[in-house]
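One structure is given here, and the rest of the page talks about it.
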Amino acid sequence: MTTTPPIAHDSPYGADLDVEHRRWHEITAMCRSLSPDERERPGYYSDHDWTVKDLIAHLGMWFAEAGLQLQQIRAGTYEEQPLDVDARNAEALDALREQSWSTVWSQAHAARTLMLAAWADLDERSDAADFWTRKAGAEHEGQHLERLHVWVAELRAARA
């Protein structure tokens, strides 16, 4: 069972946090349904030879980045910087590809917990916070759910 900080329903992002929680629970349930070998089998994204482990590393990296940015927004120290999403994705994949499943899994959960705490602490919505909550929250997770469902079904079918 995934532990998550309580969702602040009085937060301006309460509804968004609820959706994020449901999507992350769906992702983690699918990951837990796979064997260790299946989590590291290339094919999640065939054009990049991503595995489910790579997906979790990718999500974890964005959780960590968003958590930092949301903390800065809350503290009033946020400064918008150019963001090369493709370069950040490649850097994260390179940095985490050789890590074990347990390391990647733990890192993603820890980063998500910190991101959620920073997100729930926001007193008001802002364009910057909206950007980061979309980049790492439910919207981003949703972008990966359909393919993850398909890939998990393919992995399960290959078991037979």
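Between residue 88 and residue 40, the FRET efficiency from the beta-carbon distance, with R0 = 22 Å, is close to 0.50. Once the Cα-Cα distance is subtracted from the 0.36 nm per residue extended length, the residue 128 to residue 149 segment shows a gain of 4.5 nm.
Three principal axis extents describe the C-alpha atoms of the chain; from largest down they are 52, 31, 24 Å.
Comparing 76, 43, 142 in a Gaussian network model of the chain where C-alpha atoms under 10 Å apart are linked, the largest mean-square fluctuation is found at 76.
Around the amide H of residue 50, modelled in the peptide plane, lie the amide H atoms of 43, 44, 45, all under 5 Å away and 5 or more residues distant in sequence or on another chain. Helices assigned as whole DSSP H runs in the chain whose Cα atoms extend at least 24 Å along their own long axis and whose mean Kyte-Doolittle hydropathy is 0.0 or higher are found at 52-75, 101-120.
FYI, it's all coordinate maths here, none of it is from the lab. All figures in this text were calculated on a predicted structure; none of them were measured in a lab. Every residue, glycine among them, receives a Cβ derived from its backbone with ideal geometry; neighbour counts consider all protein chains shown.
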